[in-house]
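The values are calculated or read from the model by the stated rules, or taken from the named source; none is laboratory data. Worth saying up front: this structure is predicted, and the values here are computed from it rather than measured. Because the Cβ atoms are built from the backbone with ideal geometry, glycine has one as well, and the counts that use them run over all protein chains shown. Protein only, heavy atoms only, side chains kept; ligands, DNA and RNA dropped before computing areas. Shrake-Rupley method; radii C 1.70, N 1.55, O 1.52, S 1.80 Å.
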Amino acid sequence: SVECFVYDTWPDSTKIKQILAKPEMKQMNVIFGPAYAVNLQQVSDFAKANQIPLVYPLSSKNYEIQENPYLFHINSADSLLYDNVATYLASQNNAKVIVVTSQSPSIKERDIIARVKKFYQLQNENRTNKNSWVEIPYSTENGFDKLLPQIDASKDNLIFIPSEKESDVSLIVN
C-alpha cells in the first residue's frame, strides 16, 4: 500500500516553505517534483538535509544534481543524448552523415553540432570503413538544392537535423 501526499505549489517560494515545514514532509520516502524549476533549489536543499530521494521529472537541465546525491532526474541530460546520437551515427557502416543546419544556426545548434561531431570523430577514427560527414545549410529560398547533390546512392544517407526548434525541424522534414 502507498500513502501519497499531493501539494499544489505554484511558482511560489513561500508556499514551498509552508509545505516543507509540515511535519510529515521529513517522513517522506521519496519526493516527486517540484512542478516549477524556480522551486527546485529549495526542495533540493530540504531533500538533501533530510536524506530523502528527490525525483525531478520535468527537465534535463538540472544543475542541482551535481550538488545533491539524493536528487535524481528522469530526462536524460542533453550531453548524454548528443553522445548517443554520435555513437549511433558512427556505428552505421558505409553511411554518409548529412547534417542539415538552419541558415543561421543558434549558439545551441552550433554547440550540438560541435559536440556530436567531436564524439562522432572519436568513435569513427579507428574504423577502416569510415563514414563521411558533411554539413549543409537549409533555407526556404533554395530548399534542398544543396542536399540533393550530397546524396550518395552507394551508401546509406543519414540526415541529422541538430535543432531544438520544432518549427525548423518540421519545415526541413516536410
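Just a few scattered comments:
- Between the amide H of PHE32 and those of VAL55, distances stay under 5 Å, these residues lying 5 or more places away or on another chain, with hydrogens modeled in the peptide plane.
- Above-threshold pairs, the threshold being 24 Å between Cα atoms, out of LYS117/LYS146; LYS48/LYS118; LYS22/LYS48; LYS118/LYS165; LYS48/LYS165; LYS96/LYS146: LYS48/LYS118; LYS48/LYS165
- Of the solvent-accessible surface of the chain, computed with a 1.4 Å probe over protein heavy atoms with every protein chain present, carbon and sulfur atoms account for 52 percent.
- Helix 78-91 vs. the chain, principal-axis angle (Cα, 0 to 90°, nearest 10): 30 degrees
- Å³ per residue enclosed by the Cα convex hull of the chain: 179 Å³
- Cα centre as origin, Lys/Arg/Asp/Glu Cβ charges: the chain dipole, Debye: 360 debye
- With respect to the chain, whose longest principal axis is taken over its alpha-carbon atoms, helix 107-124 is tilted by about 70°.
- Accessible area (Å², per residue) of the chain, counting only protein heavy atoms and a probe of 1.4 Å: 64 Å²
- Largest to smallest accessible area among TYR88, TYR82, TYR7 [probe 1.4 Å]: TYR88, TYR7, TYR82
- The sum of -39500 (n - 2.57) across all DSSP H runs of n ≥ 4, divided by the residue count of the chain, sets its helix-only mean residue ellipticity at 222 nm to -10000 deg cm²/dmol.
- Alpha-carbon radius of gyration plus Dmax, which is the widest Cα pair, for segment 1-58 in Å: 10.6, 32
- Alpha-carbon centroids, segment 99-114 and segment 1-44: separation in whole Å: 38 Å
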